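Chemist: My structure is below; once you've seen it, I'll send some questions.
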Amino acid sequence: MTTKSRLDELLDQLKSKQQEVEDEIDRLLDEKREEFHYSLRRGKIVFERKIRQLQRQYRKGLVRYVLQAPVAFLLTAPIIYGMVIPIIFLDLAITVYQHVCFRVYGIPRVKRSDYIVIDRHHLAYLNIIEKLNCVYCGYGNGLISYAREITARTEQYWCPIKHARRIIDAHKYTDNYIDYGDAKAWDNELGILRKQLAIIESEQDLK
């Protein structure tokens, strides 16, 4: 029996703590829903009527919002909104890729709705431009997370080798990768790491 390394022990502890953090986040979300008087009903956000009326009192009028905006914000608006073109192209390309190639490779597909969440436009204290901005940011950041999960699963299938140097914010699969330079492990463990991807599908079915 192979003795666990200190790193393996720390990673096990980290996974345990991550679960505790997720449970605490869920608990705090429940508290916030009660505090701000909204609920989720069949995936839809529902505010109490009096709370929506209260929120509207904080909404900044559209004309005042535009007139008070710094000139630099107005001048850069075409650039930031223009990014929607490559973002949509990425969404289309990465989605087509996984639906075609993941079926061929036997990799569980990533559920798009787990990563792209659009819900801030329900807030009555936001004007139309603020709602548009929030939809845009939610879509863009969610899409990057969605694309990252697809490319991470692809990496585990084709090249699960750790890098020679530490990288910032490596994705969650990296810890199980083969050590850089370990040719024997590459020959023996690649098939095992590919089969481990099937576990993801089992975990998704349990949720």
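Chemist: Being outside any loop (DSSP other than H, G, I, E, B), within 28 Å of Thr154 (Cα to Cα), hydrophobic (A, V, I, L, M, F, W, C) and modelled with pLDDT of 95 or more is true for just one of Ile88, Ile80, Ile116. Which residue is that?
Modeler: On the way: Ile80 fails: within 28 Å of Thr154 (Cα to Cα); Ile116 fails: outside any loop (DSSP other than H, G, I, E, B).
From the options Ile88, Ile80, Ile116, the qualifying one is Ile88.
Chemist: Where the second residue is loosely packed, with under 12 Cβ neighbours inside 10 Å and the first is under 16 Å from Asn127 (Cβ atoms) and lies in region 66-88, which pairs have Cβ atoms under 8 Å and are six or more apart or on separate chains?
Modeler: So the pair list comes out as Val66/Leu74.
Chemist: Taking the residues in region 187-197 that are open to solvent by 50 Å² or more (accessible area, probe 1.4 Å) and closer than 19 Å to Asp8 by Cα as candidates, determine which candidate is farthest from the chain's Cα centre (by Cα).
Modeler: Step one: of region 187-197, the residues open to solvent by 50 Å² or more (accessible area, probe 1.4 Å) are 187-189, 192, 194-196.
With the extra rule that they be closer than 19 Å to Asp8 by Cα, the set shrinks to 189, 192, 196.
Working: Glu189: 28, Ile192: 26, Gln196: 21 Å.
By that ranking, first place goes to Glu189.
Chemist: Does at least one position in region 127-145 carry a residue that is small (Gly, Ala, Ser) and under 15 Å from Ile107 (Cα atoms)? Lay out the reasoning, then the answer.
Modeler: Residues of region 127-145 small (Gly, Ala, Ser): 138, 140, 142, 145.
Next, from what is left, pick out any that are under 15 Å from Ile107 (Cα atoms): none.
No; the residues of region 127-145 include none that is small (Gly, Ala, Ser) and under 15 Å from Ile107 (Cα atoms).
This table checks each residue for (1) surrounded by 15 or more Cβ atoms within 10 Å (Cβ to Cβ); (2) among the basic types (Lys, Arg).
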{"site": "His99", "(1), (2)": "no, no"}
{"site": "Pro108", "(1), (2)": "yes, no"}
{"site": "Glu149", "(1), (2)": "yes, no"}
{"site": "Thr154", "(1), (2)": "yes, no"}
{"site": "Arg165", "(1), (2)": "no, yes"}
{"site": "His171", "(1), (2)": "no, no"}
{"site": "Ile178", "(1), (2)": "yes, no"}
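Each row is one residue, and each column tells you yes or no for (1) at pLDDT 75 or above; (2) hydrophobic (A, V, I, L, M, F, W, C); (3) farther than 22 Å from Arg120 by Cβ.
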residue: Thr3; (1), (2), (3): no, no, yes
residue: Asp8; (1), (2), (3): no, no, yes
residue: Leu11; (1), (2), (3): no, yes, yes
residue: Lys15; (1), (2), (3): no, no, yes
residue: Gln19; (1), (2), (3): yes, no, yes
residue: Asp26; (1), (2), (3): no, no, no
residue: Lys32; (1), (2), (3): no, no, no
residue: His37; (1), (2), (3): no, no, no
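Chemist: Sticking with this structure for a sec: Taking only region 135-166 into account, find how many residues are among the basic types (Lys, Arg) and within 21 Å of the chain's Cα centre (by Cα). Spell out how you get there, then give the answer.
Modeler: Restricting attention to region 135-166, the residues satisfying the condition of being among the basic types (Lys, Arg) are 148, 153, 162, 165-166.
Right, trim to within 21 Å of the chain's Cα centre (by Cα) and you get 148, 153.
Residues meeting the conditions: 2.
The values are calculated or read from the model by the stated rules, or taken from the named source; none is laboratory data. What you see is a predicted model, and the numbers here were worked out from it, not measured in a lab. FYI the Cβ positions are ideal-geometry reconstructions off the backbone, even for glycines, and counts take in every protein chain you see. These accessible areas exclude ligands, DNA and RNA; they are computed on the full protein's heavy atoms, side chains included. Shrake-Rupley method; radii C 1.70, N 1.55, O 1.52, S 1.80 Å.
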